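Report on one structure; see the data block that follows.
The values are calculated or read from the model by the stated rules, or taken from the named source; none is laboratory data. The model shown is predicted, which means the values in this text are computed figures rather than measured ones. When we count neighbours, we look across all protein chains shown, and the Cβ atoms used for this are built from the backbone with ideal geometry, even at glycine. Keep in mind that these areas ignore ligands, DNA and RNA; they rest on the heavy atoms of the full protein, side chains included. Shrake-Rupley method; radii C 1.70, N 1.55, O 1.52, S 1.80 Å.
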Amino acid sequence: MRKWLWVVVTAGVLAGCKKEEPAMPAGPERVTADEGAPPEAATAESFDDTAPYVLTQAKLDAYVGYQRAVQASYAAMAKELQAARARLQGTAGPENKAPGVGESMKAIESKAELEIQARRAAGLNEVDVNRIGVLVTDVITQRHMAAMLDLAAELRKLQEMQAKLKPEQAAELAPQIDILRQRVRETEELVSVRKTHGDANVDLVLTREKDLMTNYQDMLRSFGGKAQ
């Protein structure tokens, strides 16, 4: 199971604290069910992401609330990690050069407890959080990148350029325009994401796109990224 986005970002920030420390794995990971979770969360089969996952409006709404609940914890953790990195790099003064990596791990562990509490309060199990997290990440990151790249605007520029060219020159440009037009269609319609998650799941996520995008951008800001 792929890690959902916020965990990946957390690991990335921690790995940047000290170059000599091995980076935390960013690849597939199986999460074990925590004590008190619904029985279905404890079975290995529950974490089989090759099986179809059917998202519901209630679970999506709960997940949006869950994201907001953990956002404050992640923002606080990001500050602690930045402080730890500053101590390791010696920018906070000799008296503050404490073992920052150990402190960072403690910060992650404490926030993980708050994350579990938020998940339970939202009525979601670990399977829901992992599966919805991957789905939401795939949809929202592609929508975010599409907005940043604005391929449709680039397509319009090429088409305007083509209209001003001589016929033979316009013909040479046509294949590039066709490729870009196809790319725009695939990006705007989320073709690859729909193949992975299904039309119904993607369409449902898009009903909360505004809120999910806000959560995504807040997360980026928390970890020092740039939100558009």
Task: Pairs with Cβ under 8 Å, 6+ apart, first in segment 75-90 and surrounded by 17 or more Cβ atoms within 10 Å (Cβ to Cβ), second charged (D, E, K, R) and not in a helix (DSSP H, G or I) - done: 85/18; 87/97; 88/18; 88/97
Task: The listed residue being closer than 30 Å to residue 67 by Cβ and not acidic (Asp, Glu), out of 220, 158 - done: 220
Open item on the list: Of everything in segment 171-192, what is part of a loop (DSSP other than H, G, I, E, B) and open to solvent by less than 70 Å² (accessible area, probe 1.4 Å)? Give them in sequence order.
Closed with: 190
Open item on the list: Conditions first: (1) surrounded by fewer than 16 Cβ atoms within 10 Å (Cβ to Cβ); (2) within 30 Å of residue 51 (Cα to Cα); (3) of a type outside the set (Phe, Trp, Tyr). Residue 130 passes all but one, so which condition is the exception?
Closed with: (1)
- [ ] Starting from residues that are modelled with pLDDT of 75 or more and surrounded by fewer than 14 Cβ atoms within 10 Å (Cβ to Cβ), keep the ones in segment 50-74 and report whichever is farthest from residue 208 (Cα to Cα).
- [x] 51
Task: Cross-chain or 6+ apart pairs with Cβ under 6 Å, segment 142-159 first and over 19 Å from residue 190 (Cβ atoms) and in a helix (DSSP H, G or I), then open to solvent by 40 Å² or more (accessible area, probe 1.4 Å) and of a type in the set (Ser, Thr, Tyr) - done: none
Task: Unmet requirement for residue 163, which otherwise passes all of (1) surrounded by 12 or more Cβ atoms within 10 Å (Cβ to Cβ); (2) at negative phi - done: (1)
